[in-house]
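The values are calculated or read from the model by the stated rules, or taken from the named source; none is laboratory data. Since we're looking at a predicted model, the values are computed, not measured. Cβ coordinates were reconstructed from backbone atoms using ideal geometry, including for glycine residues, and neighbour counts include every protein chain displayed.
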Amino acid sequence: MHELHETSSEARRAIAVAVQTPDVDDEALERSLAELERLAVTLGHRVVGKVHQRRAHFDPGHYVGAGKVAELKARIEADEADLLLIDHEISPSQARNLEKETGAEVLDRTAVILEIFQRHARSRAAKAQVEIVRLEYMAPRMREQAKGQGDRQRGGIGGKGEGESKLELDRRKIRDRIKELKEQLEELEEERRTQRARRKDLRRAALVGYTNAGKSTLMRALTHSDVYIADKLFATLETTVRTLEPPARPPILVSDTVGFIHRLPHDLVASFKSTLDEALEASLLLHVVDASDPAWRHEKRVTEQVLAEIGAADVPRLVVMNKIDRVADDAATRQALALELPGAVIMSALRPSDVAELRHVLIEHFAKSLVVEEVLVPHTNAHALGEVYQSCEVLAEAWDEVGGRLQVRATPEGLARVRRALEGDVG
Ligand SMILES: Nc1nc2c(ncn2[C@@H]2O[C@H](COP(=O)(O)OP(=O)(O)OP(=O)(O)O)[C@@H](O)[C@H]2O)c(=O)[nH]1
Ligand SMILES: [Mg+2]
């Protein structure tokens, strides 16, 4: 799997650690640790060992119990690892204690995801969003670090340690930087709002789903755009909007955006909310599921939860069971899936005929909200004619020297635009 690795100057040997609380069964634990490993691989690290411990709750001091800390220390030496990956978000002091006891650097799940987001962010907005969340994540952790230094540096004098005054300076810098970034984002958001307003009454479908489900692959196939596709987690962070190709009349917009994951850090969800608004304003969500992933049911549930969290629970949804080429694609499998997920499209993004079918389903879905009407357009009203060809499908037309009698199919909004253009002609 080496070709999948993100090129990184520091490929490190890591041990993945999870506490299994009574509410988590073995399968869920395995799945979560395997996913943590995939996240680490996306960063270029190698997971050389996995350790878990059953506990009623996390140890407040070290996340795992004292015996396990000693075991971890031994494993780190034996496996020549220098990184501990923790499958939960832990407190800054838990992380510091673990680092002190084991000598390895400690990254929790949130830190790993933030690192991936930082590396994959391309647009100014995504970069700023990720930096804000990272700074907010780092601030309390710096305090812990400084405490450690303070302990060591504070001689007999009761004054502030060097560590602490530097910390105050750093904290002010962080606050200023966050403020600056938020202002930048506000400006960018303004631009985005204008763009969104322009698209408001167009028909829009948003691709949503778990990371790596194949959203960007479908985006490419449906819109002939060149969005980035990769077999790594969180390949896409920014939203792309394109028209369905070959074009539907009236046009349908498709958007591709950031994927979801189990235990997506809450601040990150919030910071990407404006990106995800694109999905919220869509009239249809295409929920892409990787049918070849044994954990697809779980991933589907996680996606549904995040959608509910961002307020998109009520947007009409079409489930797309993707990557069917990677599982036994026979009648029985399809039938079982169709029974479990009535109405779902079962397909492979790699098969043009399946993509054509999905396009057809999309057009059919939107066709339900279309109206058919007859409009009379004089030759002299180029604006109205333009609007007709832009927003409507022309079903029949008859022309004479005055103008055309056109039977058109359009969205109610599109038709309203044509009517407005026609009224403009009166004056
Ligand atoms: N075999 C097979 N592979 C697919 C299919 N769809 C996508 N893939 C592969 O799955 C991997 C992930 O695809 P992406 O389209 O980048 O997935 P995504 O949902 O956009 O992922 P994120 O942007 O990370 O959230 C890539 O290696 C694709 O080539 C499919 O139908 N069949
Ligand atoms: Mg993508």
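The single condition from (1) within 32 Å of the chain's Cα centre (by Cα); (2) modelled with pLDDT of 95 or more that Asp329 fails is (2).
Of the helices (runs of 4 or more DSSP H) that lie entirely inside the stretch 292-379, not one contains 3 or more residues that are loosely packed, with under 13 Cβ neighbours inside 10 Å and touching a strand residue (DSSP E or B) at 6+ places or on another chain (Cβ under 9 Å).
Any chance the stretch 201-208 includes a residue that's within 12 Å of ligand 1 (Cβ to nearest atom) and at pLDDT 90 or above?
Let us first name the residues in the stretch 201-208 that are within 12 Å of ligand 1 (Cβ to nearest atom), namely 207-208.
Narrowing the set further to residues that are at pLDDT 90 or above leaves 207-208.
Within the stretch 201-208, one or more residues are within 12 Å of ligand 1 (Cβ to nearest atom) and at pLDDT 90 or above.
Would you confirm, using the coordinates I've provided, whether Lys273 is away from ligand 2 (no atom under 16 Å from the Cβ) and either touching a helix residue (DSSP H, G or I) at 6+ places or on another chain (Cβ under 6 Å) or in the same structural domain as Asp290 (by TED's automatic domain parsing) (or both)?
On the way: away from ligand 2 (no atom under 16 Å from the Cβ): yes; either touching a helix residue (DSSP H, G or I) at 6+ places or on another chain (Cβ under 6 Å) or in the same structural domain as Asp290 (by TED's automatic domain parsing) (or both): yes.
The answer is yes for Lys273.
Taking residues in the stretch 205-217 that are under 22 Å from Ile252 (Cα atoms), and partners anywhere that are near ligand 2 (Cβ under 8 Å from one of its atoms) and assigned to a helix (DSSP H, G or I), the pairs with Cβ atoms closer than 7 Å and at least 6 places apart or on different chains are Leu207/Lys215; Leu207/Met219; Gly209/Lys215. Within the stretch 57-87, the set of residues being touching a Ser or Thr at 6+ places or on another chain (Cβ under 7 Å), part of a loop (DSSP other than H, G, I, E, B) and surrounded by fewer than 18 Cβ atoms within 10 Å (Cβ to Cβ) comprises His57 only. Of all residues assigned to the stretch 88-102, at least one qualifies as being assigned by TED's automatic domain parsing to the domain that holds Lys50, surrounded by 21 or more Cβ atoms within 10 Å (Cβ to Cβ), part of a helix (DSSP H, G or I) and among the hydrophobic types (A, V, I, L, M, F, W, C).
Taking Leu222, is it more than 11 Å from ligand 2 (Cβ to nearest atom) and either surrounded by fewer than 20 Cβ atoms within 10 Å (Cβ to Cβ) or small (Gly, Ala, Ser) (or both)?
Numbers: more than 11 Å from ligand 2 (Cβ to nearest atom): yes; either surrounded by fewer than 20 Cβ atoms within 10 Å (Cβ to Cβ) or small (Gly, Ala, Ser) (or both): no.
No.
Identify the residue in the stretch 208-219 that is assigned to a helix (DSSP H, G or I) and within 9 Å of ligand 2 (Cβ to nearest atom) and, among all such residues, is surrounded by the most Cβ atoms within 10 Å (Cβ to Cβ). Spell out how you get there, then give the answer.
Filtering the stretch 208-219 for residues assigned to a helix (DSSP H, G or I) gives 215-219.
If we keep only those that are within 9 Å of ligand 2 (Cβ to nearest atom) as well, we get 215-217, 219.
On the way: Lys215: 30, Ser216: 23, Thr217: 20, Met219: 27.
Per the criteria, the residue is Lys215.
For the stretch 227-259, give me each residue that is over 30 Å from Lys368 (Cα atoms) and more than 9 Å from ligand 2 (Cβ to nearest atom). Please lay out each step first, then the result.
Step one: filter the stretch 227-259 for residues over 30 Å from Lys368 (Cα atoms), giving 228-238.
Listed by number, the residues that qualify are Asp231, Lys232, Leu233, Glu238.
If you scan the stretch 287-337, which residues turn out to be over 17 Å from Val258 (Cβ atoms), in contact with a His (Cβ under 6 Å, 6 or more places away or on another chain) and among the hydrophobic types (A, V, I, L, M, F, W, C)? Once the filter is applied, which keeps residues that are over 17 Å from Val258 (Cβ atoms), in contact with a His (Cβ under 6 Å, 6 or more places away or on another chain) and among the hydrophobic types (A, V, I, L, M, F, W, C), the stretch 287-337 yields only Val319.
Confirm whether His52 is touching a residue at least 12 places away in the same chain (Cβ under 8 Å), part of a loop (DSSP other than H, G, I, E, B) and not assigned by TED's automatic domain parsing to the domain that holds Glu136.
On the way: touching a residue at least 12 places away in the same chain (Cβ under 8 Å): yes; part of a loop (DSSP other than H, G, I, E, B): no; not assigned by TED's automatic domain parsing to the domain that holds Glu136: yes.
When the stated conditions are applied, His52 does not pass them.
The residues of the stretch 225-239 that are surrounded by fewer than 19 Cβ atoms within 10 Å (Cβ to Cβ) and either free of Cβ contacts under 8 Å to residues at least 60 places away in the same chain or assigned to a strand (DSSP E or B) (or both), listed by number, are Ser225, Asp226, Val227, Tyr228, Ile229, Ala230. The residues of the stretch 272-291 that are at pLDDT below 75, assigned to a helix (DSSP H, G or I) and more than 15 Å from Leu202 (Cα to Cα), listed by number, are Lys273, Ser274, Thr275.
Filtered by the rule that a residue be within 16 Å of ligand 2 (Cβ to nearest atom), farther than 20 Å from Leu264 by Cβ and β-branched (Val, Ile, Thr), the stretch 298-329 gives a lone residue, Val320. Could you tell me which residue of the stretch 168-183 is surrounded by the most Cβ atoms within 10 Å (Cβ to Cβ), considering only residues that are free of Cβ contacts under 8 Å to residues at least 40 places away in the same chain and within 19 Å of Ala125 (Cα to Cα)? Among them, the one singled out is Ile174.
Scanning the stretch 250-264 for residues that are within 16 Å of ligand 1 (Cβ to nearest atom) and of a type outside the set (A, V, I, L, M) returns Ser255, Asp256, Thr257, Gly259, Phe260, His262, Arg263. Of all residues in the stretch 187-200, those satisfying the criterion of being assigned to a helix (DSSP H, G or I) and modelled with pLDDT under 90 are Leu188, Glu189, Glu190, Glu191, Arg192, Arg193, Thr194, Gln195, Arg196, Ala197, Arg198, Arg199.
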